[in-house]
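Novice: Sending over a structure as structure tokens; questions will come in a sec.
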Amino acid sequence: HPTISLMPTQHWCRRYLHDMNRRLWGSFVIEGKSKTIWFGGDSGYSPHFKEMAEYFPKIDLAMIGVGAYKPAWFMESAHTSPQQAWQGFEEAGAQKLLPMHYATYDLSQEPIGEPARLVSACAKTAGRVGDLVMPKVGEVVREF
């Protein structure tokens, strides 16, 4: 059976009028027999990316949000930009990045295609295009 660990992330939380940040928000690491996947959840950039490498030195696939980041003054505490997501992916020491949290709902001010374009540019600049997993809408990823 896989092991699932609740890990840190950075986001705000509010479910009622007077409960600001009283609920836990987290990410999850799923350790299987041969692969470890980190579902980064909904998160802004913070030291928890570097901490992931300490807790889990072999992350095969990191799923990190790359959308809903503009305007930065309002969104950066809860959502990573594509550049921050790439930086966090590298800090976590993961082998592959599957970007998420973009091109579905119009939650912020960046153009719908910008997150995918920018994270792809980060991978190209780093010489790691093969480490970016970018499935098409509806495509199933079976191997990474």
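Novice: Between the DSSP loop rule and a limit of at most 16 other Cβ atoms within 10 Å, which trypsin sites (Lys or Arg not before Pro) in the range 32-101 are left? Please report the intermediate quantities before stating the final value.
Specialist: On the way: sites: Lys33, Lys35, Lys50, Lys58, Lys96; in loops: Lys33, Lys35, Lys58.
Counting only loop positions with at most 16 other Cβ atoms within 10 Å, the trypsin sites (Lys or Arg not before Pro) in the range 32-101 are Lys33, Lys35, Lys58.
Novice: With a cap of 10 neighbouring Cβ atoms within 10 Å, and only residues DSSP puts in a loop, list the chymotrypsin sites (Phe, Trp or Tyr not before Pro) found in the range 1-89. Working shown, then result.
Specialist: Details: sites: Trp12, Tyr16, Trp25, Phe28, Trp38, Phe39, Tyr45, Phe49, Tyr55, Tyr69, Trp73, Phe74, Trp86, Phe89; in loops: Trp12, Tyr16, Trp25, Tyr45, Tyr69.
Within the range 1-89, the qualifying chymotrypsin sites (Phe, Trp or Tyr not before Pro) (loop, at most 10 other Cβ atoms within 10 Å) are Tyr16.
Novice: What is the set of long-range amide H partners of Thr36 at a cut-off below 5 Å, with H atoms built 1.01 Å from backbone N?
Specialist: Asp60, Leu61
Novice: What value in Å³ per residue do you get for the convex hull of the alpha-carbon atoms in the chain?
Specialist: Values: hull volume 18.8 nm³, N = 144.
About 130 Å³ per residue, rounded to a whole number.
Novice: For Lys58, list the lysines whose Cα falls under 21 Å from its own Cα; do not include residues on the same chain fewer than 8 positions away.
Specialist: Answer for Lys58, where 21 Å is the Cα cut-off: Lys33, Lys35, Lys50, Lys96, listed by chain and number.
Novice: Related question: Say each of Thr125 and Cys13 gets a label point 7 Å from the Cα, pointing the same way as Cα to Cβ; how far apart are those two points in nm?
Specialist: A separation of 3.4 nm, rounded to one decimal place.
Novice: Can you find, among Gly65, Leu6, Ile112, the residue sitting farthest towards the positive end of the charge dipole of the chain, where Lys and Arg contribute +1 and Asp and Glu -1 at Cβ?
Specialist: Positive-end residue among those listed: Leu6.
Novice: For Glu91 and Thr104, compute 0.36 nm times the residue count separating them, minus their Cα-Cα distance, and round to one decimal in nm. It would help to have the intermediate numbers written out before the result.
Specialist: Details: separation 13, 0.36 × 13 = 4.68 nm, distance 2.67 nm.
Length difference between fully extended and current span is 2.0 nm.
Novice: Which residue, Val29, Val129, Val119, has the most motion in a Gaussian network model of the chain that connects Cα atoms within less than 10 Å?
Specialist: Among Val29, Val129, Val119, the largest GNM mean-square fluctuation belongs to Val129.
Novice: Return the calculated 222 nm mean residue ellipticity for the chain, to the nearest 500 deg cm²/dmol, obtained by summing -39500 (n - 2.57) across DSSP H runs with n ≥ 4 and dividing by the residue count.
Specialist: Details: 4 runs with 35 residues, N = 144.
-7000 deg cm²/dmol, from helical runs alone.
Novice: Moving on. Of all the accessible heavy-atom surface of the range 1-87, with the other protein chains kept in place and a 1.4 Å probe, what percent is carbon and sulfur? List each step's numbers first, then the result.
Specialist: Values: 3060 of 5180 Å².
Of the solvent-accessible surface of the range 1-87, carbon and sulfur hold 59 percent.
The values are calculated or read from the model by the stated rules, or taken from the named source; none is laboratory data. Note that this is a predicted model, so its numbers are computed, not measured. Glycine also receives a Cβ, built like all others from the backbone with ideal geometry; neighbour counts cover every protein chain displayed. Please note that ligands, DNA and RNA were not included when accessible areas were found on the heavy atoms of the full protein model with its side chains. Shrake-Rupley method; radii C 1.70, N 1.55, O 1.52, S 1.80 Å.
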